[in-house]
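S.K.: Encoded as structure tokens, here's the structure I'll be asking about.
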Amino acid sequence: MKDQEEKNTTLTHLDKEGNPSMVDVGEKNITTRVAIAQSIVEFPLEVAQTIQKQDNLTKKGSIFQTAIIAGIMGTKKTSELIPLCHPLPLDKCNIEIEWTSKTSLLIKSTAKVTSKTGVEMEALTGATVAALTIYDMCKALSQDIIIKETKLYHKSGGKTDFNR
């Protein structure tokens with residue numbers, strides 16, 4: 001129990017002097033690791049109806065297709081955006097987008113790697129970048145679009161597994 005308490009209270013990205021430091025993963029085992037994250041984009045009803053009537057198309061192009069590509073690009077660029085993330089040779093990344101209600105889109109981002117460290121940040125970045133892209137493509141219709149509930153949904157293959 002004490003080890004678990006220490007783990008939960010220790011910030012792994014700080015050295016003994018409190019300076020930022022990349023975690024040393026040199027001694028970890030190489031395993032297949034998967035992470036799934038999600039974001040929700042909430043629209044005003046009129047905006048959602050307009051988008052749906054136009055088959056998810058805007059003057060800028062296909063909202064879903066553009067957001068999928070942006071999310072994949074974000075997943076691949078995570079270590080360039082988050083300073084202490086390890087660059088990872090991703091085995092797979094995938095973005096799925098679906099309407100879950102009249103006004104809400106669910107973005108699901110999956111990242112997979114065979115490595116010594118996990119891909120949670122990659123999955124979270126993919127979902128976030130896809131959500132931001134949707135906002136960008138639809139902002140001409142309203143600034144009342146809300147990006148919410150970006151969260152880790154699943155991780156497996158490392159020291160600890162997680163399922164929400």
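S.K.: Run down V34, V47 and say which single residue is under 30 Å from I145 (Cβ atoms), surrounded by 11 or more Cβ atoms within 10 Å (Cβ to Cβ), at pLDDT 95 or above and over 16 Å from the mean Cα position of the chain (by Cα).
M.R.: Result of the check over V34, V47: V47.
S.K.: Considering only segment 51-78, how many residues are at pLDDT 95 or above and of a type in the set (S, T, Y)?
M.R.: Count: 3.
S.K.: Do any residues in segment 99-120 that are without any contact (Cβ under 8 Å) to a residue 24 or more places away in the chain have Cβ atoms under 9 Å from those of residues that are buried (at least 18 other Cβ atoms within 10 Å of the Cβ) and outside any loop (DSSP other than H, G, I, E, B), where the two are at least six apart or on different chains, and which pairs are they?
M.R.: Pairs that qualify, where the first residue is without any contact (Cβ under 8 Å) to a residue 24 or more places away in the chain and the partner is buried (at least 18 other Cβ atoms within 10 Å of the Cβ) and outside any loop (DSSP other than H, G, I, E, B), are S101/A48.
S.K.: What's the number of the only condition in (1) closer than 24 Å to L11 by Cα; (2) part of a strand (DSSP E or B) that M121 fails to meet?
M.R.: Here M121 clears every test but (2).
S.K.: Still on this structure, please answer the following. Can L88 be described as crowded, with 17+ Cβ neighbours inside 10 Å and without any contact (Cβ under 8 Å) to a residue 40 or more places away in the chain?
M.R.: yes
S.K.: Can you name every residue in segment 132-147 that is of a type in the set (A, V, I, L, M, F, W, C) and either farther than 19 Å from A37 by Cβ or under 9 Å from the mean Cα position of the chain (by Cα) (or both)?
M.R.: M137, C138, A140, L141, I145
S.K.: Could you please let me know if P20 is loosely packed, with under 11 Cβ neighbours inside 10 Å, farther than 30 Å from I134 by Cβ and touching a residue at least 24 places away in the same chain (Cβ under 8 Å)?
M.R.: Here the answer is yes, as P20 does meet what is asked.
The values are calculated or read from the model by the stated rules, or taken from the named source; none is laboratory data. None of these values were measured; they are calculated from a predicted model. Cβ coordinates were reconstructed from backbone atoms using ideal geometry, including for glycine residues, and neighbour counts include every protein chain displayed.
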